[in-house]
Amino acid sequence: MSGSPSDAERLRRLPWSLAHGLANTVFSQLTFFGPVFVLFLAELGLPKTHIGLLLSLLPFAGLVALVAAPAVSRAGVKRTFIVCWALRKAVTAGLLLTPWILARHGQSGAFLFVASIVALFALCRAVGETAFYPWYQEIVPNAIRGQYTAVAAAVDMVGGILALVAASRVIDRVAGLERFSLLLGAGVVAGIVCVLCALPIPGGAPNTKGRAASYQQLRQAAADPNFRRYLGGLGLVTA
């Protein structure tokens, strides 16, 4: 992973990036970021306050990026992303043990178990996304960035819709926690495919400029009025 990839290499590997995004969307919809996870928590008998607390851990962990970014850059964004993305799939697989925990330790034990999994997942996700965005900036040529983003968004949307349609059929036809185990298991498989598709994507070499240079680049980005407007618009959309 030395040097920046050429435009020809980046264009040749973009289908892997599309496949990665599609698999990641399916994983997300079948696990922590779709209605399946909320219904799973409700099936466990957790009160709404507990469910809200668990869901709040996911965005809150994003604050880790403020302190992790320099270390991520030095280690290499591709390496860091793949390690964190693989770890979060392994952590997610732990949810399959929840029915066993519920049967032996009751609802409170199941809540603590799921909370620990969500917290670990949120941490891996925060560090992984800290690595992903600069890597994404590198692997997509500027000349086609808008076109690629539109195509990727369409592919991800179709994949998300199909995943939710399949999930609704499973929930209608299978009873109890078994239906959620099936969906979570399918999500983990999609997540593994997501990680495998990221491996052939080029770029993401370690940055040897050091912490001071990283913060200088951060200040330069913050001084860009277009970037600040983008962040403001993104914040409004997210809210």
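What about ALA23, is it within 14 Å of ALA163 (Cα to Cα) and either open to solvent by less than 50 Å² (accessible area, probe 1.4 Å) or not in a helix (DSSP H, G or I) (or both)?
Yes; evaluated as a whole, the condition is true for this residue.
One line per residue, one yes/no per condition, for (1) touching a Leu at 6+ places or on another chain (Cβ under 7 Å); (2) polar (S, T, N, Q); (3) without any contact (Cβ under 8 Å) to a residue 60 or more places away in the chain:
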{"site": "CYS124", "(1), (2), (3)": "yes, no, yes"}
{"site": "ILE139", "(1), (2), (3)": "no, no, no"}
{"site": "ASN142", "(1), (2), (3)": "no, yes, yes"}
{"site": "ALA163", "(1), (2), (3)": "yes, no, no"}
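List the helices (runs of 4 or more DSSP H) that sit entirely inside region 121-239 and contain at least 1 residues that are at pLDDT 90 or above and open to solvent by 80 Å² or more (accessible area, probe 1.4 Å).
Fully inside region 121-239 and qualifying: 145-173, 177-198.
Here is a yes/no grid of residues against (1) part of a helix (DSSP H, G or I); (2) open to solvent by less than 40 Å² (accessible area, probe 1.4 Å); (3) in contact (Cβ under 8 Å) with a residue 40 or more places away in the chain; (4) under 18 Å from ALA131 (Cβ atoms):
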residue	(1), (2), (3), (4)
PHE33	no, no, no, no
VAL36	yes, yes, yes, no
LEU58	yes, yes, yes, yes
LEU63	yes, no, yes, yes
VAL91	yes, yes, no, yes
LEU96	yes, no, yes, no
HIS105	yes, no, no, no
GLY109	yes, yes, no, no
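If VAL72 meets every condition in (1) of a type in the set (Val, Ile, Thr); (2) closer than 20 Å to PHE32 by Cβ; (3) in contact with a Pro (Cβ under 9 Å, 6 or more places away or on another chain) apart from one, which number is that one?
(2)
The values are calculated or read from the model by the stated rules, or taken from the named source; none is laboratory data. Keep in mind that this is a model prediction, so the values were computed, not measured. Backbone-built Cβ (ideal geometry, glycine too); neighbour counts: all protein chains shown. We work out accessible area using only protein heavy atoms, side chains counted, and drop any ligands, DNA or RNA first. Shrake-Rupley method; radii C 1.70, N 1.55, O 1.52, S 1.80 Å.
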